[in-house]
Amino acid sequence: METTPPGSDASAAPADLAQALTALKGRSAIVTGSTSGIGLGIARALAASGAAVTLNGFGDPAAIEETRRQLAEAHGVAVHHSGADMSKPDEIASMVATHAERLGPADILVNNAGIQHVSPIESFPATKWDAILAINLSAAFHTIQAAYPAMKARGWGRIINIASAHGLVASPFKSAYVAAKHGVIGLTKVVALEAAECGVTCNAICPGYVWTPLVAAQIDDQAAAHGLPRDRVVRDVILAPQPTRRFATVDEIAALAVFLCTDLAASITGTALPADGGWTAR
Ligand code: NAD
């Protein structure tokens with residue numbers, strides 16, 4: 001008698017839950033924008049779970065090399081760095097190709113690189129609009145286009161797009177960022193549907209505020225845009241929509257990303273998962 005429900009594969013069921021949660025050994029991951037903040041936290045967590053990693057992003061070369069070396073040594077995995085600019089499609093293509101040459105085709109792709117600019121729409125610089133759309137949205141299209149075919153061919157892949165609560169709801173003065181993040185969630189759904197029968201999942205994580213350099217850098221602009229003193233911005237603007245009134249942590253976001261990369265997350269696809277302290281529950 002047939003005991004396996006149609007569409008399931010009993011042989012793939014994890015014998016050991018704990019093992020399944022650290023089962024990224026032998027996988028390789030590209031994490032864009034991983035020289036800082038959330039991306040670095042995700043790269044660290046993936047390496048700790050056994051994945052080889054291509055770091056990406058800007059910063060002081062010596063500091064990046066030190067991070068790369070520490071990650072590789074601490075977790076016994078290969079770690080490389082690509083300085084590819086996510087606003088440049090040709091650099092994205094060569095980052096994905098170089099990853100494949102060094103570490104094999106990417107099993108995991110985390111689109112995390114992002115920038116922000118805070119300004120009323122009347123004075124929002126068009127150059128900032130173009131840069132935010134390029135780095136926060138179009139880069140994900142280009143990385144997926146480059147990395148997905150090999151995932152599909154091998155029947156396994158995980159694509160995670162770091163969107164934002166601002167992919168689900170808006171705030172004033174963030175026209176480009178909110179537009180790009182809503183777009184990322186749309187892209188996530190389309191890729192999930194196209195990949196659904198290929199063993200490849202695509203999901204968006206939607207953090208609320210996480211204390212990183214990206215948030216620290218907004219305090220002055222938010223103060224100017226809202227006409228508030230700097231010290232009131234964190235309490236009255238930044239954390240006002242986040243019911244927990246605390247910043248989410250990089251580790252909380254990284255743990256969710258790692259879970260999405262396990263085999264136990266095979267049925268989670270096409271989602272926009274908030275990690276926002278209840279912000280979008282309102
Ligand atoms: P961060 O400023 O700490 O890190 C951004 C990373 O992106 C850095 O490594 C930087 O070098 C890299 N980067 C920037 N421009 C790049 C480019 N053109 N090419 C390649 N790399 C580039 O920011 P973060 O707060 O860690 O944000 C990471 C992601 O999380 C972003 O997509 C952001 O929108 C999203 N996010 C952040 C928060 C938050 O509160 N911090 C909330 C929701 C979503």
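Structure data summary
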item: Stretchable slack from K25 to A255, in nm (0.36 nm times residue separation minus alpha-carbon distance); result: 81.2 nm
item: The chain: angle of helix 139-154 to the longest principal axis, Cα-based, in degrees nearest 10; result: 10
item: Nearest 10 degrees, 0 to 90: helix 250-261 Cα axis against the chain principal axis; result: 30
item: C198 versus E66: modelled label distance in nm, points set 7 Å from Cα along the beta carbon direction; result: 4.1
item: Residues with amide H under 5 Å from that of A204, placed H, sequence gap 5 or more; result: N161, T271, A272, L273
item: Relative contact order (%) - the chain, alpha-carbon pairs under 8 angstrom, separation at least six; result: 19
item: Accessible surface of the range 80-207 [probe 1.4 Å, protein heavy atoms]: carbon and sulfur percent; result: 59
item: Net charge over other residues, Cβ less than 13 angstrom from the Cβ of D221 (K, R count +1; D, E count -1); result: +2
item: Extension gain (nm, one decimal) between W211 and R102, 0.36 nm per residue minus Cα-Cα; result: 35.9 nm
item: Within a Gaussian network of the chain (alpha carbon springs, distance under 10 Å), most fluctuating of A196, A204, A216; result: A216
item: For H182, solvent-accessible area (1.4 Å; no DNA, RNA or ligand), Å²; result: 80
item: Order of exposure, largest accessible area first, which applies to K25, K152 with probe 1.4 Å; result: K25, K152
item: Nonlocal amide H pairs with S82, under 5 Å, H built at 1.01 Å; result: L55, N56, G57
item: Within straight-line cross-link reach of K181, lysines at Cα separation under 24 Å, skipping those fewer than 8 residues along the same chain; result: K88, K128, K189
item: Residue-wise HN-Hα coupling along the range 105-117, computed from phi with Karplus coefficients 6.51, -1.76, 1.60 (Hz; x: Gly, Pro); result: x, 5, 7, 10, 10, 10, 8, 10, 3, x, 10, 9, 8
item: In order through the range 266-272: 3J(HN,Hα) via Karplus (6.51 cos²θ - 1.76 cosθ + 1.60), integer Hz, x for Gly, Pro; result: 4, 8, 8, 8, x, 9, 10
item: Estimated inter-spin distance, K189 and I219, nm [label 7 Å along Cα→Cβ]; result: 3.7
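The values are calculated or read from the model by the stated rules, or taken from the named source; none is laboratory data. Remember, it's a predicted structure, so these values are computed and weren't measured experimentally. Ideal geometry is used to build each Cβ from the backbone, glycine not excepted, and the neighbour counts take in all protein chains shown. With ligands, DNA and RNA removed, areas are computed over all heavy atoms of the protein, side chains included. Shrake-Rupley method; radii C 1.70, N 1.55, O 1.52, S 1.80 Å.
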